[in-house]
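Presented below is the structure to which this report refers.
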Amino acid sequence: MIDVFLDNGPAYLAGFRMTLALTAVAGVASLVFGTILAALRVAPLRPLRVLATGYVELLRNTPLTLVFFGMVLVAPQFGIIPPIGFWTAIICLTLYTSAFVCEALRSGINSVGVGQAEAARAIGLTFGQSLALVIFPQAVRTVIPPLINVIIALAKNTSVAAGFAVVELVATGRRLGQAIPGEAVTILGGIAILYLLFTIPAGLFATRIEQKVAFAR
Amino acid sequence: MSSVLYDAPGPVARRREAWGSVVGVLVILVGLFFAVRYAAGRGVFQLDRWDVLWDPPKGQTAADVWRSLLVQGLGATLRAAAIAAPLALGLGLLLALWRRVPNVWLRAPAIGVVEIARGLPVLLVMLFGWLGFNMQPLSAVVFGLTLYNMAIFAEILRAGLAALPRGQAEASLAIGMTRWQTLLSIELPQAVRTMTPSLIAQLVVLLKDSSLGFIIGYVELLRVIQRNTAFFGADYTVALFVVGAGVYLAINISLSRLAIRLQRRGSRRSAGTIDKQKLTVATAMLDPTGGLDKSTGF
C-alpha cells in the first residue's frame, strides 16, 4: 500500500505544487480584485455600486464549472484565446473568488457599529479618513475569519481546474486512479489527506480568531 | 449602510453626484458599446449563429434541441440535486443530533465526519465514488453532493439549535416532557425555522456543485451543451452557452431571493431572544461560497 505513494511520489509532489500555486496566485489576485469590488460597492456613485453589485450577484449564482466552461470554450468565439492551462485557471478562479472576497469584506464593514461611523463623521473626518482610520481597522478583525474560509473554499475549488487541462492534485489522483484501478481508494485517500492537512487546521484557526473577536465586541 | 459613511448630501453634493452618475453611466455604456461592436465584428450576433435555438440545421427540430437541453440536460442536473438534497438533509440532521450526545467519546465520530466531509473538495469525493467504489456517474455525483452538504447542513442545524434560548428546553423539561419530546417538538421545529434561509442558500450551492458532474462524465446540462456544440458546430457555442448560463442563473437567483425573503420575514417575526448576530456570523463561516447577504439582503 505504501508502495503506491513511494512509486508516485514525484506525481503527488507535482500535483501538490500546482494546487499550492493555483491557491496562492488566485488567492492574492482575488484579494486585490475583491477589495476593489468592495470599495465600488460602498462608493458614493450609484453606477459604480450597481456595476459591482451586478457582478457579485452574477458570479455568486454561477457554478465555477460554468465559468471555466465559458472561458475555455466560449471566449474563443469572441476571439479571446486564453492561455491554456494554468493562467486560464487563475483567471477563472479569480473572477469567481473575488465575488466572495467582496462579500466577506462588505459584511465586515457592515459589522462595524453605526455609532463608530457617525462619531468619525461628527469629528469632521472625510469619507476617506473615516473609512481608513476608523472603520477599516475595526472591520479587518471581523473580516479575517470569513476571509480565511473563502481561501479554504478557494483551495478546494482549485480542483475544478482538473477538468480543464490543469494537472493539480485531483487530476493527479484521477490519472493514477485510472492507471491503477485496484489502488484507487488508497491513491485518492492520499490526495484527501493532503487537502485535509490544509483545510482542517485553517478552519480551526478561523474559528479561534472568530471566538476571540466575538469576545472583543 | 453606505449612508453612514458620508453626510446626507446637500444641494451641491447632490448635483455633483448626479453629474458623477451621468458620467459613470456614460463610461459604462461606451464600454458596453465597444464590447458589443467588437463582438458583432466577430459575427457573434449574426442570426445564423443563433438559429440553432429555433431552426437548427442537420435535420433537427427546435423541439429536439430544447428537449436535449431542458429535459436531458437540466433534467439530469435537477435529478442529481433532487436525490442528494433530501439525503444530505436527513444525514445532516442525524449528525447534528449525534453531536449533542453528552459523552465526548461518543460524540467524537460525528465531529470527525463533519470536519473531514467539509474539508474535502466535492470533486475529489465524486472521484472516490467513481474510481474508488466503481459507482455510476449519477451515483458518484450524488455521493459527492451528499457527503459535503450533509456536513454543512449538520453545522447549520447545530448552529440553529445552539442559538435557541435555554429557557425553551428548560420549560419543556419542567412540564415533564422527555428529552426526545423536547428535541422533536420544541427545539427542532424552532431551529429549522430560524435556519430555513441558510438551508435554502445551501441548496443553491448544492445545485451549483452538481455541475461538477461534467468533469467525471455525468451527462448534465453543461455536457449536453458541449455535445450540442460538437454536433451543430462551434459557431453555435455562444447561443447554447447563453441558454445554459441563463438556466443556472434563473434557478439560483430565484432560490437566493426566496432565502432572503424568508430571512427578512423571519427576522421581523421571531422573538428577539435568539442571538441573531452570533447566528449570522456562525452560518457565514460554514460555506462562504454560498450563504446570504446578511446585511442588506440585496
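See the values below:
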item	result
Qualifying residue in region B:131-146 (condition: within 19 Å of A:N157 (Cα to Cα), out of contact with any Gly (no Cβ under 6 Å at 6 or more places or on another chain) and away from every other protein chain (no Cβ under 14 Å))	yes
Residue in region B:8-24 that is within 30 Å of A:Q116 (Cβ to Cβ), within 11 Å of chain A (Cβ to nearest Cβ) and at pLDDT below 75 present	yes
Selected residue [within 30 Å of A:Y96 (Cβ to Cβ) and without any contact (Cβ under 8 Å) to a residue 24 or more places away in the chain] from B:A230, B:A159	B:A230
Checking B:W50 against (1) surrounded by fewer than 14 Cβ atoms within 10 Å (Cβ to Cβ); (2) within 26 Å of B:L222 (Cβ to Cβ); (3) at pLDDT below 80, the condition it does not meet	(1)
Region B:210-247: number of residues that are polar (S, T, N, Q) and at pLDDT 90 or above	2
Tally, over region A:171-194, of residues that are facing chain B (nearest Cβ under 8 Å) and touching a residue at least 60 places away in the same chain (Cβ under 8 Å)	2
Any hit, region B:7-23, residues being surrounded by 15 or more Cβ atoms within 10 Å (Cβ to Cβ) and either closer than 30 Å to B:A234 by Cα or β-branched (V, I, T) (or both)	no
Test: residue in region A:154-163 that is touching a Phe, Trp or Tyr at 6+ places or on another chain (Cβ under 8 Å), in a helix (DSSP H, G or I) and over 18 Å from A:W87 (Cα atoms)	no
Number of the condition not met by A:E103 [criteria: (1) surrounded by fewer than 20 Cβ atoms within 10 Å (Cβ to Cβ); (2) modelled with pLDDT of 80 or more; (3) within 10 Å of another protein chain (Cβ to nearest Cβ)]	(1)
Selected residue (only one of A:L40, A:L73, A:L58, A:L105 is hydrophobic (A, V, I, L, M, F, W, C) and under 15 Å from the mean Cα position of the chain (by Cα))	A:L105
Qualifying helices (runs of 4 or more DSSP H) (wholly inside region A:36-116; at least 2 residues being of a type in the set (S, T, Y))	A:46-60, A:86-111
Residues of region B:95-111 satisfying the condition of being out of contact with any Asp or Glu (no Cβ under 9 Å at 6 or more places or on another chain) and touching a residue at least 60 places away in the same chain (Cβ under 8 Å)	B:L97, B:R100
Among (1) crowded, with 21+ Cβ neighbours inside 10 Å; (2) away from every other protein chain (no Cβ under 11 Å), the one test that B:A201 misses	(2)
Residues satisfying the stated conditions in region A:69-84, i.e. at pLDDT 80 or above and more than 10 Å from every other protein chain (Cβ to nearest Cβ)	A:M71, A:V72
Single condition A:T53 does not satisfy, out of (1) without any contact (Cβ under 8 Å) to a residue 40 or more places away in the chain; (2) hydroxyl-bearing (S, T, Y); (3) more than 12 Å from every other protein chain (Cβ to nearest Cβ)	(3)
Filter pass, A:L66 being within 12 Å of chain B (Cβ to nearest Cβ) and within 27 Å of B:A230 (Cβ to Cβ)	yes
Residue that is at the interface with chain B (Cβ under 8 Å from one of its Cβ atoms), among the small types (G, A, S) and touching a Ser or Thr at 6+ places or on another chain (Cβ under 8 Å), where the choices are A:A120, A:A153	A:A153
Inter-residue pairs, beta-carbon under 6 Å, first modelled with pLDDT of 90 or more and among the basic types (K, R) and in region B:126-145, second crowded, with 24+ Cβ neighbours inside 10 Å and not in a helix (DSSP H, G or I), 6+ apart	none
Checking B:G59 against (1) outside any helix (DSSP H, G or I); (2) among the small types (G, A, S); (3) within 14 Å of chain A (Cβ to nearest Cβ), the condition it does not meet	(3)
Filtered residues of region B:134-159 (kept if closer than 17 Å to B:I215 by Cβ and surrounded by fewer than 24 Cβ atoms within 10 Å (Cβ to Cβ))	B:M135, B:Q136, B:P137, B:L138, B:S139, B:F143, B:L147
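The values are calculated or read from the model by the stated rules, or taken from the named source; none is laboratory data. These numbers come from a predicted model, not from an experiment. Every residue, glycine among them, receives a Cβ derived from its backbone with ideal geometry; neighbour counts consider all protein chains shown.
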